[in-house]
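See structure below.
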Amino acid sequence: PTASSSPAAFDACEVITFEEQRFADCIADPADHTIVTALSPAGGAPFRSFAAYRKANPETDVAFAMNGGMFDDAGQPVGYFVEDGERLKALSRADGTGNFHLKPNGVFFGSGSKWQVLDTEKFYSTVRERPAFGTQSGPMLVIDGKIHPEITENGPSRLLRNAVGVDEQGRAHFVISQGPISFGVIARLFRDRLKTPNALFLDGTVSSLWDPVADRMDGRAPLGPLIVVKNKPRAQQ
């Protein structure tokens, strides 16, 4: 096929404006994409960057990728993390400081073409089978259609931020701000514009996007867990 008819030529990310702020909204559609989490090559240290992931996986047809949840100084996940069905880090229900512990926090997870965001306690009490992928972060932005009770309308903190939510059609919206924003704005974006019943904050400041079609590969900071959205082969679409 020509490039124009190839799924790889379709940019899954579009720039949208909400409350006078610009965001990249990258949509993973179960009909067109698969989702994996990635931390490190087999037996190695964490990738820490999209470039390192690409070097280790040159044949992977990537639609886009984002940083995927909170991590420590070594790039290791601080919460639940499952890659290819293997649990590398157990679910954290601990209390603490920082955004991760601004409860409720939550988990983005899935198997096959079914992807979900659930708050940590609901995930703990209802999910019985280990998913193919999963990553824990916090805080939740939207919980069952309502904004996290600790998030103010427009708090003083302004940072680059990214987050994920799954809409009623089962599509995962990965959103990254184009500039510094408050928690309130990105929470309302998911609730009011993208209509995702649940949405999970992934990170701030280090927030990064790899969009191959747009020739964008952010490298502003070392990363931890990665969420990689792959194009399905044409025969599977």
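Please give the calculated 222 nm ellipticity per residue for the chain, where each DSSP H segment of at least 4 residues contributes -39500 (n - 2.57) and the sum is spread over every residue; nearest 500 deg cm²/dmol?
-2000 deg cm²/dmol
Given DSSP loops and a limit of at most 10 other Cβ atoms within 10 Å, what is the longest stretch of the chain that contains no such trypsin sites (Lys or Arg not before Pro)?
1-127
Straight-line reach from Lys89: which aspartates and glutamates have a Cα under 14 Å away, not including same-chain ones fewer than 8 places off?
Asp72
Nearest 0.05, what FRET efficiency do Asp192 and Arg128 give at R0 = 35 Å with Cβ-Cβ as r?
Working: r = 33 Å, r/R0 = 0.94.
Efficiency at R0 = 35 Å is approximately 0.60.
Is the shape of the stretch 80-119 best called rounded, prolate or oblate, per the rule: a/c under 1.5 gives rounded, else a/b larger than b/c gives prolate, else oblate, with a ≥ b ≥ c the square roots of the Cα gyration tensor eigenvalues?
Taking the square roots of the gyration eigenvalues as a ≥ b ≥ c, the stretch 80-119 is oblate.
Rg and Dmax of the stretch 62-179, Cα atoms, in Å?
Answer for the stretch 62-179, Rg first and Dmax second: 14.1, 40 Å.
Considering only the other residues whose Cβ falls under 10 Å of the Cβ of Gly134, what net charge follows from Lys and Arg at +1 and Asp and Glu at -1?
Net local charge, Gly134 excluded: +2.
Just to verify a number: what accessible area does Asp119 come out at with the full protein assembly present, 1.4 Å probe, Å² rounded to tens?
Accessible area of Asp119: about 20 Å².
Using the reciprocal of the averaged 1/r over all distinct C-alpha pairs, how large is the Kirkwood radius of the chain in Å?
On the way: mean 1/r = 0.0567 Å⁻¹.
So the Kirkwood estimate lands at 17.6 Å.
In the structure shown, do any of Lys55/Lys232; Lys55/Lys103; Lys55/Lys122; Lys122/Lys195 have a Cα-Cα gap over 32 Å, and if so which?
Lys55/Lys103; Lys55/Lys122
Roll a 1.4 Å probe over the protein chains and send me the accessible area per residue for the stretch 13-231 in Å².
Heavy-atom SASA per residue in the stretch 13-231 reads 43 Å².
Please say if the stretch 153-237 is rounded, prolate or oblate, where rounded means a/c under 1.5 for a ≥ b ≥ c the square roots of the C-alpha gyration tensor eigenvalues, and otherwise the choice is prolate for a/b larger than b/c and oblate otherwise? Display every interim value, and only then the final one.
On the way: a/c = 2.42, a/b = 1.25, b/c = 1.94.
Oblate.
Where the only charges are on Cβ atoms (+1 Lys, Arg; -1 Asp, Glu), what is the dipole of the stretch 13-231 about its Cα centre, to the nearest 20 debye?
260
How big is the stretch 103-163 by the Kirkwood estimate over distinct Cα pairs, in Å?
When all Cα pairs of the stretch 103-163 are included, the Kirkwood radius is 12.8 Å.
Using a cut-off of 15 Å between beta-carbons, work out the net charge of the residues near Asp215 (Lys and Arg +1, Asp and Glu -1, Asp215 not included).
Computed value for this residue: -1.
Measure off, as a whole percent, the carbon and sulfur share of the 1.4 Å-probe accessible area of the stretch 13-231, all protein chains present. Numbers along the way, then the final one.
Values: 4460 of 9480 Å².
Ligands and nucleic acids excluded, carbon and sulfur give 47 percent.
The values are calculated or read from the model by the stated rules, or taken from the named source; none is laboratory data. Everything numeric in this text was worked out from a predicted model, so none of it was measured. Because the Cβ atoms are built from the backbone with ideal geometry, glycine has one as well, and the counts that use them run over all protein chains shown. Surface areas here come from the heavy atoms of the whole protein model, side chains and all, with no ligands, DNA or RNA. Shrake-Rupley method; radii C 1.70, N 1.55, O 1.52, S 1.80 Å.
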